[in-house]
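S.K.: Structure provided below as structure tokens; questions to follow.
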DNA sequence: ATATTATGTAAGTAATCGCTTACAAAAGTA
DNA sequence: TACTTTTGTAAGCGATTACTTACATAATAT
């Protein structure tokens with residue numbers, strides 16, 4: 001195999017990890033299978049990452065940068081709260097449906113007993129989504145657009161359940177998803193909760 | 001170890017499985033650890049269950065009998081749709097918070113590539129919850145209590161997200177949960193969606 | 001040009017895993 | 001009472017796992 005710089009290989013490895021998680025599930029991810037998928041020797045993997053766990057951690061940090069970073073921009077934009085909430089939800093749905101390996105990884109790992117660093121990073125991803133949704137709801141209330149008696153904590157929790165439920169549906173449906181209406185349909189429900 | 005009948009041992013084994021899943025996570029469940037937890041030899045486990053997977057499958061079938069069975073009774077009772085929906089939700093929340101091992105098992109396995117039988121049984125549990133919730137919403141609409149333009153499919157999906165989101169919160173919060181208000185607070189949101 | 005670093009590899013290591021085997025003896029049946 | 005079935009066990013099996021080791025050589029630095 002031709003030599004490549006470590007950053008190239010790391011991307012390759014991470015990409016193959018997500019591919020395997022998607023096709024075979026996290027529990028069937030082994031360094032042997034990973035090496036075969038890429039077409040490299042097993043030892044090479046450990047040239048570029050110290051441990052298997054480090055690969056997973058690296059992916060999760062990518063998610064924080066890419067996904068959460070994008071959500072943060074949306075939540076902090078100057079659009080109306082309704083628009084922001086819809087764009088937040090749609091960005092979430094889009095990201096998770098287009099990155100099925102990541103979705104599977106996040107939700108698989110969320111219910112495992114992991115080491116502290118991994119757990120904290122995972123928690124960060126979930127908590128950030130929740131607090132960005134809360135912020136938007138609070139903004140809408142502060143602007144007098146939404147009902148000030150709204151239970152923001154529960155709305156945020158209900159919001160958090162959407163991608164998770166969607167993921168489970170996708171798993172059982174074998175990845176079939178018609179998303180063209182999903183966001184707007186769900187937003188109708190959320191707005192009904194929020195309206196004065 | 002004193003001899004016991006196979007049904008006694010099976011209960012013991014299943015109970016210990018759930019305990020380990022709760023304390024250590026599904027991925028750290030081994031027959032060795034299981035045997036130690038109970039205080040029996042590893043071989044004994046295979047006197048009572050053919051494979052490790054069979055233990056998990058047996059637990060999942062128990063969930064269908066106990067949990068889904070109970071939910072079905074609630075959904076089919078003669079109470080008002082509102083009351084039924086609240087009792088359905090509360091029974092779900094109660095069951096899942098009081099059976100943390102089962103909750104962890106269900107959501108861990110939901111994102112894995114399992115054999116067909118296990119997958120079908122899991123799917124059954126999730127689908128039954130969803131269709132029971134849908135049935136109640138449809139009843140409410142048919143009785144003219146709730147808005148007939150309600151998107152029942154999306155409401156059911158939103159409903160399905162609640163226990164899942166709750167589970168993730170519990171995992172990260174280390175099992176701390178104050179449930180005395182949870183159902184009623186969430187029902188306020190759901191009823192707001194449903195009202196005419 | 002030489003020395004050092006980075007990258008790839010095949011083989012090997014120690015540990016763990018689910019499960020079986022051979023033995024033992026309690027419990028059940030006729 | 002004799003035979004069969006059920007239940008428990010220690011040791012072992014074959015497979016898999018994450019990772020290391022020793023070697024090789026391309027790429028980079030001086």
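For (1) in a loop (DSSP other than H, G, I, E, B); (2) within 29 Å of residue B:105 (Cα to Cα); (3) at pLDDT 95 or above, each residue gets a yes or a no:
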residue	(1), (2), (3)
A:47	no, no, yes
A:66	no, no, yes
A:79	yes, no, yes
A:82	no, no, yes
A:97	no, yes, no
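S.K.: Output yes when any residue across the stretch A:31-40 is near DNA strand D (Cβ under 10 Å from one of its atoms), outside the structural domain of residue A:110 (by TED's automatic domain parsing) and not in a helix (DSSP H, G or I), and no when none is.
M.R.: No; the residues of the stretch A:31-40 include none that is near DNA strand D (Cβ under 10 Å from one of its atoms), outside the structural domain of residue A:110 (by TED's automatic domain parsing) and not in a helix (DSSP H, G or I).
S.K.: Among the listed residues B:37, B:3, identify the single one that is more than 9 Å from DNA strand C (Cβ to nearest atom) and away from every other protein chain (no Cβ under 14 Å).
M.R.: The match here is B:37.
S.K.: Determine which member of the set A:66, A:24 is away from DNA strand C (no atom under 16 Å from the Cβ) and in the same structural domain as residue A:167 (by TED's automatic domain parsing).
M.R.: Going through A:66, A:24 in turn, the sole match is A:66.
S.K.: Inspect the stretch B:80-102 for any residue being surrounded by 19 or more Cβ atoms within 10 Å (Cβ to Cβ), within 14 Å of chain A (Cβ to nearest Cβ) and within 16 Å of DNA strand D (Cβ to nearest atom) and give the result as yes or no.
M.R.: For the stretch B:80-102, residues surrounded by 19 or more Cβ atoms within 10 Å (Cβ to Cβ), within 14 Å of chain A (Cβ to nearest Cβ) and within 16 Å of DNA strand D (Cβ to nearest atom): absent.
S.K.: Picking from A:13, A:20, A:60, which residue would you name as being crowded, with 16+ Cβ neighbours inside 10 Å, assigned to a helix (DSSP H, G or I) and away from DNA strand D (no atom under 14 Å from the Cβ)?
M.R.: A:60
S.K.: Here is a list: A:51, A:65. Which entry is more than 14 Å from chain B (Cβ to nearest Cβ), surrounded by fewer than 20 Cβ atoms within 10 Å (Cβ to Cβ) and under 24 Å from residue B:29 (Cβ atoms)?
M.R.: None of the others qualify; the one that does is A:51.
S.K.: Is it true that some residue in the stretch A:160-182 is modelled with pLDDT under 95 and over 28 Å from residue B:122 (Cα atoms)?
M.R.: no
The values are calculated or read from the model by the stated rules, or taken from the named source; none is laboratory data. Predicted, not measured: the structure shown is a model, and the values here were computed from it. When we count neighbours, we look across all protein chains shown, and the Cβ atoms used for this are built from the backbone with ideal geometry, even at glycine.
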